[in-house]
Amino acid sequence: MVQNSILWCQPPADLKLSLNEVHIWIAELDLPAQQIDDLGETLSADEGDRAKRFYFERDRQRFIAGRGILRNILSRYLALAPNQIEFCYGKRGKPALMNERVCFNLSHSQGLALYAIVLDRVVGIDLEQVRSMPDAEAIAKSFFSKREYATLQGMPTSEKQAAFLNCWTRKEAFLKAIGDGLYKPLEQIEVSFLPDEPAQLLSIAGDVESASRWSILHLIPSAGYVGALAIEGENFSLSHWQWSPE
């Protein structure tokens with residue numbers, strides 16, 4: 001099945017977020033030095049300390065860009081300047097806004113980042129760059145369910161990489177939504193991942209009913225990337241925004 005990349009739009013000046021909307025933003029992280037410096041000025045002291053701990057300069061700059069852009073995006077929904085936004089963190093480190101209805105999640109791979117913004121709903125997003133993965137089956141054997149691993153093994157070699165990334169990003173998006181990251185065993189989260197079947201959360205530790213309360217969306221944000229969105233509930237509309245400095 002041939003799937004097309006998302007068409008990203010410039011957000012309106014009077015950006016609004018309704019209860020049943022999901023806003024997904026895309027942003028390039030490899031920015032000119034002046035933009036990195038400007039975004040860095042909006043970070044909190046603890047974010048600045050985290051940035052300093054990166055060994056490679058490119059990773060440091062991408063972290064600054066990713067967090068600075070997050071603050072810039074959230075400021076468009078809140079009556080706050082980017083540097084006034086305060087985060088709190090869950091027990092597994094998932095960031096959230098303090099005393100706000102706006103919920104968010106973010107993911108980045110190489111120089112690209114995705115952000116999901118919603119109201120009063122749990123959301124998770126994951127992004128991976130498509131790349132050669134000779135160890136995909138070995139990883140699947142360790143982290144996929146027995147059914148998923150058997151399905152992947154039985155697929156044509158030409159389809160295995162895409163199927164693996166479909167499976168991985170959908171599991172990760174769900175785990176990021178609930179705030180457990182890789183602390184909950186990936187093999188307990190079963191998802192659909194064949195090329196011609198819709199994205200779906202099939203079971204959570206064998207519980208099909210709990211899984212049915214979630215929606216999973218397959219994302220192709222840009223050529224050479226694949227992603228997934230996990231959100232609690234159904235009946236929502238999507239908007240796709242391209243981030244650029246105001």
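The values are calculated or read from the model by the stated rules, or taken from the named source; none is laboratory data. Note that the structure is a prediction, hence the values are computed from the model and not measured. Reconstructed Cβ throughout: ideal geometry from the backbone, glycine too, with neighbour counts over all protein chains shown. Side chains included, ligands, DNA and RNA excluded: accessible areas come from the protein's heavy atoms. Shrake-Rupley method; radii C 1.70, N 1.55, O 1.52, S 1.80 Å.
Checking the condition in contact with a His (Cβ under 7 Å, 6 or more places away or on another chain) and of a type in the set (S, T, N, Q), which residue from S132, S212, S203, S239 passes?
Selected residue: S239, the only one of S132, S212, S203, S239 that is in contact with a His (Cβ under 7 Å, 6 or more places away or on another chain) and of a type in the set (S, T, N, Q).
Residues that are among the aromatic types (F, W, Y), outside any loop (DSSP other than H, G, I, E, B), farther than 20 Å from K94 by Cα and open to solvent by 70 Å² or more (accessible area, probe 1.4 Å): does the range 149-171 have at least one?
No - not one qualifying residue is present in the range 149-171.
Take the residues in the range 96-114 that are in a strand (DSSP E or B) and polar (S, T, N, Q); name whichever of them is nearest to L15 (Cα to Cα).
N105
Please give the number of the condition I64 fails out of (1) open to solvent by less than 20 Å² (accessible area, probe 1.4 Å); (2) in contact (Cβ under 8 Å) with a residue 40 or more places away in the chain.
(2)
Taking the residues in the range 13-31 that are part of a strand (DSSP E or B) and charged (D, E, K, R) as candidates, determine which candidate is most open to solvent (accessible area, probe 1.4 Å).
Checking each candidate, the answer is E28.
Tell me the residue from L182, L229, L219, L202 that is open to solvent by 40 Å² or more (accessible area, probe 1.4 Å) and at pLDDT 95 or above, please.
L202
Confirm whether D126 is out of contact with any strand residue (DSSP E or B) (no Cβ under 7 Å at 6 or more places or on another chain) and under 22 Å from V191 (Cβ atoms).
Against the criterion (out of contact with any strand residue (DSSP E or B) (no Cβ under 7 Å at 6 or more places or on another chain) and under 22 Å from V191 (Cβ atoms)), D126 does not qualify.
Going by the structure shown, is I69 in contact (Cβ under 8 Å) with a residue 24 or more places away in the chain, under 19 Å from E21 (Cβ atoms) and assigned to a helix (DSSP H, G or I)?
Considered against the rule, which asks whether it is in contact (Cβ under 8 Å) with a residue 24 or more places away in the chain, under 19 Å from E21 (Cβ atoms) and assigned to a helix (DSSP H, G or I), I69 comes out as no.
Quickly run through the range 115-129 and pick out the residues that are part of a strand (DSSP E or B), open to solvent by 10 Å² or more (accessible area, probe 1.4 Å) and touching a Cys at 6+ places or on another chain (Cβ under 9 Å).
L119
For residues that are in contact (Cβ under 8 Å) with a residue 60 or more places away in the chain, touching a strand residue (DSSP E or B) at 6+ places or on another chain (Cβ under 8 Å) and part of a loop (DSSP other than H, G, I, E, B), scanning just the range 199-235, find the one that is farthest from L7 (Cα to Cα).
Among them, the one singled out is G233.
Can you tell me which residues in the range 79-95 are open to solvent by 20 Å² or more (accessible area, probe 1.4 Å) and in a loop (DSSP other than H, G, I, E, B)?
A79, L80, A81, E86, G90, K91, R92, G93, K94 - these are the residues of the range 79-95 that are open to solvent by 20 Å² or more (accessible area, probe 1.4 Å) and in a loop (DSSP other than H, G, I, E, B).
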